[in-house]
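The values are calculated or read from the model by the stated rules, or taken from the named source; none is laboratory data. As the structure is a prediction and not an experimental result, all values here were calculated from the model. Cβ atoms come from the backbone with ideal geometry, glycine included; neighbour counts cover every protein chain shown. Areas reflect the complete protein model, heavy atoms only, side chains present, ligands, DNA and RNA absent. Shrake-Rupley method; radii C 1.70, N 1.55, O 1.52, S 1.80 Å.
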Amino acid sequence: MLHSVAFKGKHFSTFREQKLAKSKSAFVCTDCGADYTKWQGQCTACNAWNTLSEIRLSPAAASRKSKSSGYAGAVSSGQKLSEIDVAEEPRTSSGFAELDRVFGGGMVLGSAVLIGGEPGAGKSTLLLQMMCELAKTEKALYVTGEESPQQIALRAKRLGLPTEHLSVMAETSLDAIMATLEKDAPKILVVDSIQVVYREDIASAPGSVSQVRECAAELVRFSKQRGTILILVGHVTKEGSLAGPKVLEHMIDCSLLLESSDDSRYRMLRSRKNRFGAVNELGVFAMTDTGMKEVGNPSAIFLSRNENTSSGSIVTSVWEGSRPLLVEIQALADANQYQNPRRVVVGLEANRLAMLVAVLHRHAGIAVGDQDIFLNVVGGVRITETGADLPAILAILSSMREREIPRDLIAFGEVGLAGELRPVSNGQERLREAAKQGFSRAVVPYANRPQTAIKGMKVIAAKTLVEAVEVI
Ligand code: TYD
Ligand code: MG
């Protein structure tokens, strides 16, 4: 912790801290939070260029040790885990089922949440909708530093939201915000966005690492003390990481990212860190002319396939956080015109494709070395699990041989280096979701075959990749 370094004290734990303290200012990478004594062009921790910004170190007060022996703090011994009161933490519903799921079943009192997303993703819209509804029953405060109260009122009116109860404050000075909080003590607080909030006693500009870190720390402290639900809005850099506040992610309980793609009105809210629920939980919303609407059945939108099927397309069932999601994988294999065959992957891991191609050659005797291969997951979904191995291979084969995969068939399963099919988690639920969406056949790893039959679903269990390919 840079700020706890004592300048003239004797308690430097490392040589690096000593050097930092002597220089009285430090340089911090705005992307990853690594600190340096001197400016340099590239951050050696995360390799980003031009991300170091200077921060002033405030001199720590007196020595932490008392004059007599030992430290000055009060003595207490630890508590036994069993003695600690563990009442189930009370949760507040946001009014959106999709949002509650991403939170892990509603918002926990006293928790701090960070919502990141590109400009125009719909962060302000979603939070305004949520806050207007919540303000009916709870004390809610919406602090904005980006828009005027008139703009917000206008938007709320246009969206037909209940506007009688929500307090709105246009303010960027942390001291003014804290003073209001002390007086009003809201139960739910939104700060839109943390990058525009500043503390006057810190020299650097709003949005810089030291400002963001100190302001957020103060807000989080307040929320923990008073049991206020704190929601911070954070901006996202071009590369898709939260600008500056990598440092922030340590302080907060829950980090959400609202993902948007330019050509789609669908927005995906994903949890990247959650102390009260599963990570990688996914909530799907649609941006409409009347604000953000929940999409209750996301499988249906990613599956809207056109009527005339073609080769190279297959549907798989992936596990997203705590629920299955059906997505379509497309492959195009094309005879290679140049020296090196091209391998282009969108939405899956590129290294995984190289591995699958090798397994396909060695264990199924099918060489694709003379083919360009393009793989794509439809709808801008990113798959990070291994269950997409088998469908990816089947899609490639289907494209190579120009043979359509039946429309009522799904497949999932991990492919091992020995050509075996390995089970994936939650096979039952994946199959059930597929049956619900009208699929009637599934090719799955042998260990994933259901114990009890699933209505309307014929499951074909295969032990190896070769078996699965032969079935199809
Ligand atoms: P906004 O919530 O302001 O985004 P953020 O706070 O994440 O920057 O969203 C603004 C975008 O959403 C803008 O491009 C317009 C669009 N939008 C709609 O399509 N419908 C609506 O009802 C509203 C309020 C916004
Ligand atoms: Mg906004």
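Restricting the first residue to the stretch 413-428 and requiring it to be acidic (D, E), which pairs with a second residue that is open to solvent by 60 Å² or more (accessible area, probe 1.4 Å) meet a Cβ separation below 8 Å and a spacing of at least six or different chains?
These pairs meet every condition: E414/R422; E414/P423; E420/K463.
Just checking, how many residues over the stretch 266-299 are away from ligand 2 (no atom under 16 Å from the Cβ) and within 22 Å of E385 (Cβ to Cβ)?
19
Kindly list the number of the only condition in (1) of a type outside the set (V, I, T); (2) open to solvent by 20 Å² or more (accessible area, probe 1.4 Å); (3) modelled with pLDDT of 95 or more that fails for K136.
The number of the failed condition is (3).
What's the number of the condition K293 fails, among (1) open to solvent by less than 70 Å² (accessible area, probe 1.4 Å); (2) part of a strand (DSSP E or B)?
Here K293 clears every test but (1).
Look through the stretch 185-202, keep the residues that are open to solvent by 10 Å² or more (accessible area, probe 1.4 Å) and among the β-branched types (V, I, T), and return whichever of them is nearest to ligand 2 (Cβ to nearest atom). I'd like the intermediate steps shown before the answer.
Step one: list which residues in the stretch 185-202 are open to solvent by 10 Å² or more (accessible area, probe 1.4 Å), which gives 185, 187, 195-196, 198-202.
If we keep only those that are among the β-branched types (V, I, T) too, we end up with 196, 202.
Values: V196: 10, I202: 24 Å.
Ranking the qualifying residues of the stretch 185-202, first place goes to V196.
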